[in-house]
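Colleague: The structure's right below; bear with me while I get my questions together.
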Amino acid sequence: MQTLPYELNPFGGAVIDAAGLPDNNEEFILRLDETIKDLNNQNIKVLWMTLPLAKSEFVPIAAGRGFIYHHAEPEYLHMTCTLVEGSYIPPYATHYIGAGGVVLDDQNRLLVISEKYYITETRRFKLPGGALNSGEHISEAVVREVLEETGIQTEFQYISCFRHWHGYRYEKSDIYYVCRLKPLSFDITMDTEEIHEALWMPVEDFLNHENISPFNKRIVRSTLSGNGLVREEVEGYGSLETHEMMFGG
């Protein structure tokens, strides 16, 4: 009986080729068992396998042979099997990434929003921004989020500071970047589905507002007082399409 098609990786593991998975349970059982036997003979440490949603019936079979869940996406489930006890398996992604924009106009007014989900008797204002999409750079995401929420077009200038927070959604951690943006337009057309109010607020009013959190005031002060980190491409280390690098002056 043939093994399942696999490739060895540089870390003492093997990765099953999902495209070569059989179409029925009986063949999968026989070939998976043969694969595990073959890899044990080679002293391979870990076996990785991605099961497409269409072949989810293989999950209990794999679990019965020592595979555990590693992570899941809408179209697949990724499982791992430790063949050598104590072998290290890198965990899946542990963080969410978000970005907020500090946008000042030529009248020293700050672009702020009040979100619908957080409406109280006293309005609470914050910077526009939100979560990065998969494969999106920070500098692109913050411009997109500001545009979606407020209708204001901006240009990324630099990252001024960030916050790292543990215990966020699903017990994952969260990193929030604060970015200085240059406004390219000034007429607000806010997202009425998500945003309760969007306006240009004098920056001093923002910094002295009793209903704005100390954290939000601090990140605005930090942005206004420094030059931050700017985007830069390093020769021979990937293009800006795939690598986003920030350096101080």
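The values are calculated or read from the model by the stated rules, or taken from the named source; none is laboratory data. None of these values were measured; they are calculated from a predicted model. Cβ placement follows ideal geometry from the backbone for every residue including glycine, while neighbour counts extend to all protein chains displayed. Side chains included, ligands, DNA and RNA excluded: accessible areas come from the protein's heavy atoms. Shrake-Rupley method; radii C 1.70, N 1.55, O 1.52, S 1.80 Å.
Colleague: Would you point out which residue out of Ala18, Ala54 is open to solvent by 40 Å² or more (accessible area, probe 1.4 Å), more than 30 Å from Glu140 (Cα to Cα) and of a type in the set (A, V, I, L, M)?
Modeller: Details: Ala18 fails: open to solvent by 40 Å² or more (accessible area, probe 1.4 Å).
Answer to the selection: Ala54.
Colleague: In the range 221-235, is there at least one residue being open to solvent by less than 60 Å² (accessible area, probe 1.4 Å), in contact with a strand residue (DSSP E or B) (Cβ under 7 Å, 6 or more places away or on another chain) and farther than 24 Å from His95 by Cβ?
Modeller: Checking the range 221-235: at least one residue is open to solvent by less than 60 Å² (accessible area, probe 1.4 Å), in contact with a strand residue (DSSP E or B) (Cβ under 7 Å, 6 or more places away or on another chain) and farther than 24 Å from His95 by Cβ.
Colleague: Output the residues belonging to the range 160-178 that are in contact (Cβ under 8 Å) with a residue 60 or more places away in the chain and over 14 Å from the mean Cα position of the chain (by Cα).
Modeller: So the first thing to find is which residues in the range 160-178 are in contact (Cβ under 8 Å) with a residue 60 or more places away in the chain, and the list is 160-161, 168-169, 172-178.
Those that are in contact (Cβ under 8 Å) with a residue 60 or more places away in the chain and over 14 Å from the mean Cα position of the chain (by Cα): Ser160, Cys161, Val178.
Colleague: Within the set of pairs 6+ apart or on separate chains, which have a first residue in the range 179-199 that is within 9 Å of Ile113 (Cβ to Cβ), a second that is surrounded by fewer than 16 Cβ atoms within 10 Å (Cβ to Cβ) and hydrophobic (A, V, I, L, M, F, W, C), and C-beta atoms under 7 Å apart?
Modeller: Correct list of pairs: His196/Ile119.
Colleague: Follow-up. Do any residues in the range 62-77 that are farther than 15 Å from Ile16 by Cα have Cβ atoms under 6 Å from those of residues that are open to solvent by 70 Å² or more (accessible area, probe 1.4 Å) and among the aliphatic types (A, V, I, L, M), where the two are at least six apart or on different chains, and which pairs are they?
Modeller: Note: pairs meeting the criteria are Glu75/Leu53.
Colleague: Taking the condition of being closer than 17 Å to Leu32 by Cα, open to solvent by less than 70 Å² (accessible area, probe 1.4 Å) and of a type outside the set (Gly, Ala, Ser), how many residues in the range 64-81 meet it? Spell out the reasoning first.
Modeller: Let us first name the residues in the range 64-81 that are closer than 17 Å to Leu32 by Cα, namely 64-69, 77-81.
The next check asks that each one be open to solvent by less than 70 Å² (accessible area, probe 1.4 Å); those that pass are 64, 66-67, 77-81.
With of a type outside the set (Gly, Ala, Ser) added as a condition, the list becomes 67, 77-81.
Matching residues across the range 64-81 total 6.
Colleague: Another question, then. Just checking, which of Val46, Val59, Val84 is open to solvent by less than 60 Å² (accessible area, probe 1.4 Å) and closer than 30 Å to His166 by Cα?
Modeller: Within the list Val46, Val59, Val84, the selection yields Val46.
Colleague: Among the numbered conditions (1) within 26 Å of the chain's Cα centre (by Cα); (2) closer than 29 Å to Ile159 by Cα; (3) exposed (fewer than 15 other Cβ atoms within 10 Å of the Cβ); (4) at pLDDT 95 or above, tell me where His95 comes up short.
Modeller: (4)
Colleague: Identify all residues within the range 207-249 that are part of a loop (DSSP other than H, G, I, E, B), more than 30 Å from Arg124 (Cβ to Cβ), touching a residue at least 40 places away in the same chain (Cβ under 8 Å) and of a type in the set (Val, Ile, Thr); write none if there are none.
Modeller: The answer is none; no residue qualifies.
Colleague: Tally the residues that are part of a loop (DSSP other than H, G, I, E, B), in contact with a helix residue (DSSP H, G or I) (Cβ under 9 Å, 6 or more places away or on another chain) and open to solvent by 20 Å² or more (accessible area, probe 1.4 Å), restricting the search to the range 124-181.
Modeller: 5
Colleague: I've got another one for you. Determine whether the range 186-206 contains at least one residue that is within 27 Å of Glu232 (Cβ to Cβ), of a type outside the set (A, V, I, L, M) and crowded, with 19+ Cβ neighbours inside 10 Å. Talk me through it step by step, then tell me what you get.
Modeller: Residues of the range 186-206 within 27 Å of Glu232 (Cβ to Cβ): none.
So far as the range 186-206 goes, no, none of its residues is within 27 Å of Glu232 (Cβ to Cβ), of a type outside the set (A, V, I, L, M) and crowded, with 19+ Cβ neighbours inside 10 Å.
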